[in-house]
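As structure tokens, the structure follows; a few thoughts come after it.
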Amino acid sequence: MFLHDGLLFWLPLMIGLPVLIHLINLLRHQRVRWAAMEFLLESQKKNQNWIRFKEILLLLARVAALAAIVLMLAGPLLQMHFSRLFAGGLVHHVLLVDDSLSMSEHWDHTSATDNARGVVAHLYDRAAQHPGTHLVTLVRFSDAAAGVSPEIVRLPMQAGMPQQRESLLAQVRPSQRAAGPLRALQSVEEKIGRREGENLVVYLISDFRADSWRETKPLQEAMRALIAQQTKLQLVRCTDQSRGNLAITDVAPAAGILAADVPLKCDVEVTNYSSIPQRKVQVFLESQTQAAEDTKQAGDAAPSGRQALPSVTFERIEPGQSARQSFSVRFPTPGDHEIYARLETDALAGDNQRFCVVKLPAEIPLLIVDGQPGSIDAQLLTLPRQRVRTGIKTELAGVSYLREQPLDKFAAVFLVNVGSLDAGETAALTQYVKNGGSAVFFAGESTRPDFVAQSLYDNGQGIFPLPLVSQASLIVDRLDKTPDVEVELAHPIFQRTFAGRRNSFLSAILVDRYWAAPKDWQPGKNEGVRVLARLRGEAPLIVEKQFGKGVCLAVLTTAAPVWNNWAANPSFVIAMMEAKVYLTSRHQPSSSRSVGEPLAVALPEEGYAAEVEFVRPAQKAQVRETVTADKQASDGQRRAVLSKTDESGIYLANLKRPDAATETRRFAINVPGGESNLAALSTSELQTALGDLPADVHEAAAFSGPVAEPAELNLGAQWWFMAIVLAILLGEQFLAYSASYHLAQTGVVPARRAA
Amino acid sequence: MSDSKRFLHPEAVQRIARLELRARYIVEGFLSGMHRSPYFGQSIEFRQHRQYAPGDDLRHVDWKVWAKQDRYYVKQFEEDTNLPCTLLVDVSESMQYGRGPLSKYDYAATVAVSLAYLILRQQDAVGCVSFDSAVRNTVPLRRRHTHIHAIAQSLAVSEPQSKTDLLSILRGVGETHPRRGMIVLVSDLLTDPEALLKGLRMLRQQGHDVMVFHILDDDELDFPFSGPTRFEGLETADNLNCNPRALRARYLAALQRFLETVRRGCAENTVDYALIRTRDPLDAALASYLSNRLGMHHRN
């Protein structure tokens, strides 16, 4: 483009002028009849090539000089880089703005989101100044990932409309969600589309974290699809470098009995997302006890106040590694209780805190079915009794209880010396285990191998882990100090019971009799069966089987010290406690969800009101939202779903019970994993990820500051352009002088006079 | 430059069309005090005294006589060499060139006739041979005053054409002029210098005194041309389209080499050599001739 296009008409003429003059001169040469041709020809012969070369150079220099002068006067206009994006009449600027958690990264009084906002403002101001029609659509990564349509679509960018500008900028804000660029790129065609006559420019405004760009192929395909539609693609980096970050990645109860007034062991995990080890990392812990009753009038269960717990200090966390430490907390009352963990502030504040809700029942019910009512076996399994607060409430019953009462409320069912079960009892027990329950069989005199084989083992399809053959005696040489029982020490039941090199409990266990399995029996690989304890490395003594969602343990000797002396060993009570902990804690529902995941609350039974009031945390105040529960087609259960879970924190769901009381449930929602690693792609890595795609990569700084640069630059008015023209002219003169087109010096051959 | 020289400039001389008149004009002007030759009166032997008359040159007063007799007598001189002089005038086509008042041919012819006039005035015999590739005209040696007309006539009718072949000319002259004399070559010498020097050497070996007037045009010496030019050879079929300024330096260098060769060759063969531009005043040749005569007088 030129300032004065009309002058270009003269360009061919001016370029041809030296050639024309040269041709005319060839025809208009003066003729001289010359006597001293010999000297002339001698000179010409020696100079011929060099003269021709200089004349060609001179001709080219004259052509170049004239062309440069014409161009300079015509005023070539260079469209500034960004102005090329604004050319073309109707331009639709689609801003794909990254609002994932990592965009909250801050440094030096700014943040990635601040940079993104600056980019958007700059684009708006530039578009408002540029001729033509400019429309803007803003798509947030999180909205695109959730399938939400953008709020701002084809908004005209015009000067003198500050409210419009502010409404656009207000959309640029970070969330606590994890969202990558793929869905945003795909949404351009899916949700926005292209209209006739639109020139589409797509800006990907992001921090380009390495984790988000790990799978480059689908991103390349999405970008290629855009470019194939004549879309200009611009990538704008909002971070200047990769920074380290510490994040609390987990706070959760450890395996154990979750019951009120029982010391609760919890774990906290911190991950070091930096390239250097982190030392003396302190995690501040708080707990918050809620009332056990869920009949609070207020419904929002006004917190009774957080209580500080002893902080946990990680001495050293290696780069890229996680570290866990345990802490203990005790909640005296049953109900939903909160644990809150916090780190000191760093580059990314969102992942420096984590919430955990611990649902504690008053007690954990456990059923002991005694095949021989009143036997000591069952009594032994109730130890330790109420003298020690275990949180376990044991109920003793006969075998018919299996059929008559629902088993779902029990965390585990122990069957002691049970000979047989009728079909209903067997079916109830089988269904119970299948649904996630835990069953433990203790063998005894009453055990019937045929029943076990037919109903419980059922050729490996039943809940019992192995077939039984007959009672057997363990014949050993007691002078041989080899322990009778060998256990899998890694198993949670035995891990702490028999841990330690000086632990002599295991070697003190003597087994006299047991129920033997077939000699050729071995646990199959796909049956979920494993042997936890053997007799002298051979016959199985304790076998575990995963069945459905539950587990079944078979102890092939008596609980009572009849066939063995284990019950007389202090380790028996501990082992049984560990077994109960293991069996009851296997299916503790997770209380942590991620930001962005819908929060679904199932209404337990008819009679509960369909409206559920959700209370969700917000920056300044809690927000209440009422959701009506819908019956789910999959299982017929009513569920109320809160879709807006944008903030991390404790969410409450207030249910109206049939008796009009309010039942409050608590849920912890935390920032998602994957956004804490702030390692960003370098420019070269980004170029590699783009491959051969014709996309421009910019830094956010290039979009900063007021729009001062002109849309176009007149090259002809630039000093360096004039300098080039002058240099060409001087060069032409030099060549002309060199080619002897200037006045020659006097080199007269003097006439020698006679002496 | 004195006013007297002004009348000997080609611009002034070229107004006189007839060679004899031109020659007379030049010689009389040269001899009658317009040019104070230091050699005048000294290059000619004393013949007799005559009584002093007002207007005589005081340089010619014999002061010894005055000292002895207290009377004023003027010396009268007479040349005593009596060498016949043959003028060789190049009338080849190359002599046609000249953008000034006089072409080389005009200048050469004027010089030749002027010399003939001077020589005849001194009562010596003079002849003329005009040549190009061969002898065009031959005027025998005569002493009569009216011989000047024949010489002028022979040069006037000779129109420059054809090429120069100096060697054969000089050889021929040597053969046709066996008696020792003076040979004056008036030419632009645009020929093979080796052939020229060979011819001159031959004449010298024969005992002739040889003088060479090398007539060149200013253009040939300065090469002042500019702009696209087509040079067409006068004696050859060569032609050249060129930018003269681009060739000037090497042309002058080649010319300089040629002149040095000729000059050196003449010096080696004791041939008097004078390079004359066609814009130079015409007394240069006369002065050179007279200087040569003085030298001969002293040698003899």
Subject >> Members of segment A:449-476 found to be surrounded by 14 or more Cβ atoms within 10 Å (Cβ to Cβ) and not aliphatic (A, V, I, L, M), listed by number >> reply: A:PRO449, A:PHE451, A:GLN454, A:SER455, A:TYR457, A:ASP458, A:GLY460, A:GLY462, A:PHE464, A:PRO465, A:PRO467, A:GLN471
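Conditions (1) more than 9 Å from every other protein chain (Cβ to nearest Cβ); (2) closer than 19 Å to A:GLU732 by Cα; (3) surrounded by fewer than 12 Cβ atoms within 10 Å (Cβ to Cβ); (4) at pLDDT below 80, marked per residue:
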position: A:GLY16; (1), (2), (3), (4): yes, yes, no, no
position: A:LEU26; (1), (2), (3), (4): no, no, yes, yes
position: A:GLN30; (1), (2), (3), (4): no, no, no, no
position: A:TRP34; (1), (2), (3), (4): no, no, no, no
position: A:LEU40; (1), (2), (3), (4): no, no, no, no
position: A:SER43; (1), (2), (3), (4): no, no, no, no
position: A:GLN48; (1), (2), (3), (4): yes, no, no, no
position: A:ILE51; (1), (2), (3), (4): no, yes, no, no
Original post:
So which strands (runs of 3 or more DSSP E) are wholly in segment A:481-587 and hold at least 1 residues that are acidic (Asp, Glu) and more than 30 Å from A:ASP408 (Cβ to Cβ)?
Top reply: A:485-487
Original post:
Got a sec? Which of A:ALA146, A:ALA112 is within 26 Å of the chain's Cα centre (by Cα), crowded, with 22+ Cβ neighbours inside 10 Å and not charged (D, E, K, R)?
Top reply: A:ALA112
Original post:
Quick one: would you say A:ILE69 is in contact with a helix residue (DSSP H, G or I) (Cβ under 8 Å, 6 or more places away or on another chain), in contact (Cβ under 8 Å) with a residue 60 or more places away in the chain, β-branched (Val, Ile, Thr) and facing chain B (nearest Cβ under 7 Å)?
Top reply: no
Original post:
Of the conditions (1) under 21 Å from the mean Cα position of the chain (by Cα); (2) modelled with pLDDT under 90; (3) of a type in the set (Gly, Ala, Ser), A:ALA610 fails just one. Which one is it?
Top reply: (1)
Original post:
Tell me, which strands (runs of 3 or more DSSP E) lie completely within segment A:661-755 with 1 or more residues that are modelled with pLDDT of 85 or more?
Top reply: A:662-670, A:696-699
Original post:
Taking into account only those residues within segment B:238-293 that are β-branched (Val, Ile, Thr) and touching a His at 6+ places or on another chain (Cβ under 9 Å), which is surrounded by the most Cβ atoms within 10 Å (Cβ to Cβ)?
Top reply: B:ILE276
Original post:
Is it the case that some residue within segment A:166-178 is touching a residue at least 40 places away in the same chain (Cβ under 8 Å), part of a helix (DSSP H, G or I) and either touching an Asp or Glu at 6+ places or on another chain (Cβ under 8 Å) or over 30 Å from A:PHE314 (Cβ atoms) (or both)?
Top reply: yes
**OP:** For segment A:371-418, name all the residues that are assigned to a loop (DSSP other than H, G, I, E, B), among the hydrophobic types (A, V, I, L, M, F, W, C) and at pLDDT below 85.
**Re:** A:LEU383, A:VAL388
**OP:** Only one of these is assigned to a strand (DSSP E or B) and touching a residue at least 60 places away in the same chain (Cβ under 8 Å): A:ARG316, A:ARG354. Name it.
**Re:** A:ARG354
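Residue-by-condition table, conditions (1) small (Gly, Ala, Ser); (2) out of contact with any helix residue (DSSP H, G or I) (no Cβ under 6 Å at 6 or more places or on another chain); (3) in a helix (DSSP H, G or I); (4) surrounded by 20 or more Cβ atoms within 10 Å (Cβ to Cβ):
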{"position": "A:LEU200", "(1), (2), (3), (4)": "no, yes, no, yes"}
{"position": "A:TYR203", "(1), (2), (3), (4)": "no, yes, no, yes"}
{"position": "A:ILE227", "(1), (2), (3), (4)": "no, yes, yes, no"}
{"position": "A:ILE248", "(1), (2), (3), (4)": "no, yes, no, yes"}
{"position": "A:LYS265", "(1), (2), (3), (4)": "no, yes, no, no"}
{"position": "A:ASN272", "(1), (2), (3), (4)": "no, yes, no, yes"}
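The values are calculated or read from the model by the stated rules, or taken from the named source; none is laboratory data. Source: prediction; values computed, not measured. Glycine gets a Cβ as well: all are built from the backbone with ideal geometry, and neighbour counts include every protein chain shown.
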